[in-house]
1. List the lysines whose Cα lies under 18 Å from the Cα of residue B:70, skipping any in the same chain that are fewer than 8 positions away.
2. In region C:128-201, what trypsin sites (Lys or Arg not before Pro) fall in a loop by DSSP, with at most 14 other Cβ atoms inside 10 Å?
3. Quick one: order B:336, B:326, B:247 by neighbouring beta-carbon count within 10 Å, fewest to most.
4. How would you order B:173-180, A:261-268, A:206-213, B:51-58 from highest to lowest mean count of nearby Cβ atoms within 10 Å?
5. Taking the Cβ of each residue in A:311, B:79, D:295 as the centre, tally the other Cβ atoms inside 10 Å and list the residues starting with the fewest.
6. Taking amide H positions as placed in the peptide plane 1.01 Å from N, state which residues far from residue C:255 in sequence (5 or more) or on other chains have amide H under 5 Å from it.
7. Using the 2.2 N^0.38 Å rule of thumb for compact globular proteins, work out how region A:83-353 stacks up: its C-alpha Rg over that value, please.
8. In degrees from 0 to 90, rounded to the nearest 10, what is the angle of the helix B:109-122 Cα long axis to the longest principal axis of chain B?
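Derivation of every value follows stated rules applied to the coordinates shown; laboratory data play no part. As the structure is a prediction and not an experimental result, all values here were calculated from the model. Neighbour counts run over all protein chains shown; Cβ positions are idealised from the backbone, glycine included.
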Protein chains: 4
Amino acid sequence: MLVVMQSHATEEQVRAVCSKIESFGFRAHPIPGAQRTAIGITGNEGAFEAGTLEEMPGVGEVIRVSKPYKLVSRDLKPDNTVIRFPRTHVAIGGSEIVVMAGPCSIESRDQALTIGEQVSRAGAHFFRGGAYKPRTSPYSFQGLGEEGLKILSEVRDRFGLLIVTEAVDNESLELVEEYADMIQIGARNMQNFSLLKRAGRSRKPVLLKRGMSATLEELLMAAEYVMSEGNYNVALCERGVRTFADHTRNTLDLSLVPAVQRLSHLPILVDPSHGTGKRNKVLPMGRAAIAAGADGLIVEVHHDPDRALSDGPQSILPDQFATLMHETRQIAAVLHRGVAAPVSAARVLVSQEASRPAVAR
Amino acid sequence: MLVVMQSHATEEQVRAVCSKIESFGFRAHPIPGAQRTAIGITGNEGAFEAGTLEEMPGVGEVIRVSKPYKLVSRDLKPDNTVIRFPRTHVAIGGSEIVVMAGPCSIESRDQALTIGEQVSRAGAHFFRGGAYKPRTSPYSFQGLGEEGLKILSEVRDRFGLLIVTEAVDNESLELVEEYADMIQIGARNMQNFSLLKRAGRSRKPVLLKRGMSATLEELLMAAEYVMSEGNYNVALCERGVRTFADHTRNTLDLSLVPAVQRLSHLPILVDPSHGTGKRNKVLPMGRAAIAAGADGLIVEVHHDPDRALSDGPQSILPDQFATLMHETRQIAAVLHRGVAAPVSAARVLVSQEASRPAVAR
Amino acid sequence: MLVVMQSHATEEQVRAVCSKIESFGFRAHPIPGAQRTAIGITGNEGAFEAGTLEEMPGVGEVIRVSKPYKLVSRDLKPDNTVIRFPRTHVAIGGSEIVVMAGPCSIESRDQALTIGEQVSRAGAHFFRGGAYKPRTSPYSFQGLGEEGLKILSEVRDRFGLLIVTEAVDNESLELVEEYADMIQIGARNMQNFSLLKRAGRSRKPVLLKRGMSATLEELLMAAEYVMSEGNYNVALCERGVRTFADHTRNTLDLSLVPAVQRLSHLPILVDPSHGTGKRNKVLPMGRAAIAAGADGLIVEVHHDPDRALSDGPQSILPDQFATLMHETRQIAAVLHRGVAAPVSAARVLVSQEASRPAVAR
Amino acid sequence: MLVVMQSHATEEQVRAVCSKIESFGFRAHPIPGAQRTAIGITGNEGAFEAGTLEEMPGVGEVIRVSKPYKLVSRDLKPDNTVIRFPRTHVAIGGSEIVVMAGPCSIESRDQALTIGEQVSRAGAHFFRGGAYKPRTSPYSFQGLGEEGLKILSEVRDRFGLLIVTEAVDNESLELVEEYADMIQIGARNMQNFSLLKRAGRSRKPVLLKRGMSATLEELLMAAEYVMSEGNYNVALCERGVRTFADHTRNTLDLSLVPAVQRLSHLPILVDPSHGTGKRNKVLPMGRAAIAAGADGLIVEVHHDPDRALSDGPQSILPDQFATLMHETRQIAAVLHRGVAAPVSAARVLVSQEASRPAVAR
C-alpha cells in the first residue's frame, strides 16, 4: 500500500500519517519526491482499512500496489535514487557514470597500493578488493580479513578513492561498515536474507549483486529486504548468470539494465569481469554496458594477473583499464552523460579536510 | 593429499601420523574404512613434503588428490557414509530408504500435530517443517521462529518422528541444533560459507540442499566446507534447478543421484516437491527418484494445502503421501533395498526410555 | 474450435458437420472417442460463426479452445492415443511399455545384425539405428544412407524387430517411410516445420524428439504440425535439455512425462542415452523414466562401444541392456503396467505369415 | 589439415596443390590472404600423408588443425571476411557497420513499401522481412511466400535497399536465392544440415542466426557446413538464447561478438529485436551491440506494430529506428568505425545502371 501526499502537504501532515500507520503495527517509509512525498507501507500483509488514511489532512490518494516489490518500485518513487558519498563529489545513479576498479582480493599492502595508484591515475572513483572472499573451496585463499580492510583504508587515505568491499556474514559486515564507504553483498549471498536485513540496518550504502540464477523480480525483492529495514541507498549490479553457453564463464545479461530502469528507481551497475570471466571480453562488454545505459562499472584490475591469488584470468591490466576509462567517457557522451571527475583531482580538497575525522567514515 | 594406512596399522600409528600432519600446520581427518583407515589432509595448499609421512610406521601410501574435493570423495572413503540417529533404528545412506515429510512451514501447533500424526501413520521417519523461512519477499510469512521449533519438538515427543528443519543464519542454527535431529541448509544458502562452517562445528547431521544453479562440483565443495570443520554427517539433496523450462517451477535433475554416488560416499536424497512445484508431479517424480537410486525423499505434505501459508500448490495430501510410501517400498524392492521401519512402530521402545533425557537430543 | 457430437450421433451426422466446416474453408479433424466423437477445426484463425454448427443434428456443443494446441490436446480426445503396428502385437501408448534399442548409427551389416540379435534376445520391440545422422561437424560420419536402411530392413526380417530411424529432410523421409515402421524426427529438427508437415502426410507413425531447449508447449505444437496434416500417430520423446549443469551431456527432464500426460493424449517415451550422455547413468535414468510413467524407452546399445563411429560413451553393453529390460518389467509392475511381449517370441507366428508381404511394411 | 603456401607461391603452384589434394579424394579450399594463400583440406577424416604435400613447390608448411572447425577459423584465414554486394558500396565485415531493418513478415505491398521508404530514409542498407515464416503454431500466419518475395524485390527497386529474407527449406531457398541479395537461415534451422548444405551451394551470401541454445562451437560448425560446400560468404548473427531469465523473451548474449571475432574471420551481427522481444529494450541493446564490436544490426521496424501479423511487441517505430541509426553512428565512431553510407544516397548511381540487368540479382 502506498500513500501519495498532496503536493502542498506539510511535513507535519506526513509525520501524522506515518504515526497513524505505525499505530496499526505497520512500518511507514516516507519517500520525498521532486513534487510530492509518497509513504510506503510495509509489514504483515492482510486487511488494512485504507479509508482511515484517505480522510487525513494532506493525503492525496491511497494506492493498493499489486507488485510484490514496493520500496524499490518506480511507481513509489518516480525519480532516480542518487546515492551520495559525504565529503566527495561522487554520486551513483545521477547523470554521471561511476567506475569501481581494483583487484579481486587484497593480497598485500604493496599489491593494493600499486593497483590503487594505477586505477586512481586512470580516473577510477572507487577501489574494490575483497578482504573476505566467498570461495567455492574451503582450501582456497579466503582473504586477509580485517588486515585487508586496513589496507583498503590506507588506499583511500593515499589516493582519495572510495572503498567498496564485500561482507559475507554479520561479523564481517560490522567491520566492512566501519572501514568501507559501500558494502558489497555478493551474488552467492543475494538471498541470504539475514545478511540483507543486517545491511538494511547499516548507514552505509549497499552494492547488491545479482545472484547467479536470480530473476529480475528476485533481485528487486532482495533490494526490498535491505530497504524495508530503512537503508534506501542500494545500487544493483549485473554480473552474469548461469546458462548452457560455455564461451564465457557466465552470460552477461545486459538487458537487465533497461529492465531495472523501467521498474525501479535504483541505480544499476555492471561487472564485466565476473560477467565474462575472460580478460579479452572485459573491454567490449564494459563499453556495451555503458551503451546499454548502466550507471557504472565495477572491474577487476591487476598489475600482475598471472600471480593473482584469485580471478587472474579475468583481471585486466592497468593499461587496458585506462583505455576502458577513455572509451567509457566517449560512449557516455553519446548518451548525454559524463563520467564523474577523477577523485585524484579532488584529492587536494580532501586532504585539506585531513584535520577533521577520516573521510566518509 | 591423502594418507592410506596399511590394513594392519594400529590406532596409535594413525594418531602419530595425524600429529605429524598437524605439526606442519595442516588438519588431519582420519576416516576409518572397512579394511583400512585413510587420513585426509586439508589446509593451506602448497608444497608439502610427502616423503616424511611415507616413512612413518603403518603408512601404506601417500596420494596426491587432484580433485578439488577431498573429504567428500569416494577416493578417500570407498564405503558409503551411513548417518545414524541415536536411540532410533533410522539411518540415512544405508541399504534402507528414509522418508521425510511435513508441511512447508510450521504454522501452528494444531497444524503440525495433525500432519505429524498423518505422516507418522503412513510410515515417515522424519518430520520436516520450517520454523525459519527464507522468503523472496520481506513481507511474506517468515516462520514462527523458536516457537516453531518447540512445536517440532512436541511432534517428535508425540509420534517418535525425527526432526529436520532449516537454519538460515548462525542464530537460528544454534536453536535448530538444540531442538532438531538434523540441520537443513537450504538451496539459497548452499554457498553461504559462514553458515556451512558453523554447521560443520555442530554435532548434529546436516541436510545440504543443492543451490538453484549449482554444479555437482559446487555442491560437493559446499559439503566439503561442512566436513572440513569436522562434521562428517552430511546428506546431500537434489531439489530442482533453474532452466528455461516452464512446465515445472524447477527442473528436477535426477541424474545428480548416480552422479553423486559415483564421486562421493555421501547419501543423496531428493525433494520432488520443490523439484517440481506442482502437486500432480510429486508422486511420479518421487517414484522416479527412488528408481534412480536415491537414499531417501523429502516431501511436503499438508492436510489443507489451499490454506497453507507457503507452498500450498506443491504440497501433497496425506492420502497421496500414503500412496507414495507404498510405491516407494515396492520400487525400493526392485533395487534390493527396503524402506526403514516406521518410527511409529518403534515408539513403544522410545516411550519406555521416557524417563531418560528427551529423544535424540 | 471443437465440436463435440452427441453420444448417439450417427456417422452421417459427423460427416455432415465436417462438410459444413470445410465449406467455410477450414479443415475438420473427426476424432472418435470411447463414447462420442469430437471434431477439431483448424485453419486460418479469426471469426467463425459457431451458431451455424450448434444447430446441426447430432451436435452436442461447440467449444472455443483457448490453448494454442488443439489436436494434441486431451481436451479434444480424453482417451490415450494407442499407436498400433500392423501384423504385430506391439502398441505404443497402451498399458504395455515398449522398448527401442540399437546402435547410434548403422555402421555395417555385421554390426547391425550382431546388436539386433542381442537386443531382440533381451526383449526389445524396436531396433533403432541411424542411417542419416545429423552431425555437428560436416566432417563427421554422416551415416550409410539408403544402404543403412536396407540393413535395418534385414534386421527386421531376421529378428522380427520393428524399425525406427531418423529422417533429416524430405528426401530421406521418403526412403525412411518406405523401409521403416516408424519415422524419427530428431531434436535438431523439432521445429523444422517443412519436415514436420511432410511427416504429417506420411502413413507411418512418427517419433518426435523434444528440441534441446524446447518448452512443453513448443513440443506439443510441433506434434500439432504433424497432426494438422492428417497423421495422428505421433509419439513424443524426452531426450534431455540444455542447462548449465555439466555432470551430464544434457539434463534429462523426466517431469515432462507427467506434464505431457496431463495435457495431451499422445504417448511419451524417454531416451536416457542422449538424455545423460554417460553409460553409467543410462540404467538409473531408464528405471526412473518408467517409474515416472513413461510409455517406453529408446536406448543406445553397442557390443563394442569403444569402436562406435558415434556416441560410444553413452551406449550401454548388451548385458546392461538385458538388466535394464528386467528392471523395466519389475518397475512397470509397480505401476500396474506390463512390458510388451518380446517380438522374438512372436517370431514363429510372424514367420508363418512369411508367404504374405514382408512384415509391417 | 591446412596447407600454408609460401608468400611468393604462384597461382599455378596453388592449383597444383589443390589437384594433388583432390586426387586423394579430399576437397581443397584455397583461401587467398593478404600475404599468402592457405588451402584448407576437408573430407573424410583419417590418415593423410602430409609428407607428399610438404615437398611440393610453393608449400610453406602443412599444419594439422586440432579444432573441429577449419574453414571458419581465424587460424586458416587471419584477415576478416568482407562480404561485398555487387553494384553497391555495401560490404559486411569491413570497417563500416551495416544495418538491416524492416518488418517481421511481409504482410502486403503497402506495408512493405511504407516501411521500406522509412528505413531507407533513416539510412538502412538492407530491407528485412519474412516471406516464409517458421511459426510455432501451424495455425499462425505463415508468410506470403513467393508473392512476398516479389514485394521485397519491388522494395529494392524503389529504394535501392538490399534484400535479406529467410529460407526454411530447399524449395523456399531456391526462390529466396533468386529474389534476394542475402539468404537468411533462422535460429530454428541452424542445425538443419540439409538446408545448410543447400545454402552452401548457392552463390548468394548467407546470414546464419545462432540457434536458441547453440554453443559458439555449434554455431561455427553450422557455418562450416555452408562453407564446406564452397560458399564462403557467411555472416553470423546473435539473436538471444534460452535461459531462466524472464524479463526478456530471450537473453541477448553480446559476449558472443568478441568471442566470434577471436576464433573466426566471419562477420558477426546482432538482432536486438528477437534478442529481447521488447520494444523498449531494442535501442539500448542495439547501442550495446555496436559498442561490443558487432559488424551490424538487424532490427524489426513497423509503422503500426499493434496490427502487425507477427512480433508486433518487439518492433520499433520508424522514429525510434532513426534515433538508433544516429546513435549507431556515434558509437561506431568511438570504435573508429563508420556506418556505411545510406543506399538512398547511392540510388542515383544505381538507377543510372537501370538499363543493365536488374540490381544484384
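1. B:197
2. Details: sites: C:128, C:135, C:150, C:156, C:158, C:188, C:197, C:198, C:201; in loops: C:135, C:201.
Listed in order of number, the matching sites are C:201.
3. Details: B:336 7, B:326 14, B:247 21.
With the fewest neighbours first, B:336, B:326, B:247 line up as B:336, B:326, B:247.
4. On the way: B:173-180: 19.4, A:261-268: 22.2, A:206-213: 25.1, B:51-58: 13.5.
Answer by packing, highest mean first, reads A:206-213, A:261-268, B:173-180, B:51-58.
5. Details: A:311 19, B:79 13, D:295 29.
Fewest-to-most ranking of A:311, B:79, D:295: B:79, A:311, D:295.
6. Result for residue C:255 returns B:252.
7. On the way: Rg = 16.7 Å, N = 271, 2.2 N^0.38 = 18.5 Å.
Relative to the 2.2 N^0.38 Å estimate, region A:83-353 comes out at 0.90.
8. Relative to chain B, helix B:109-122 is tipped by roughly 70 degrees.
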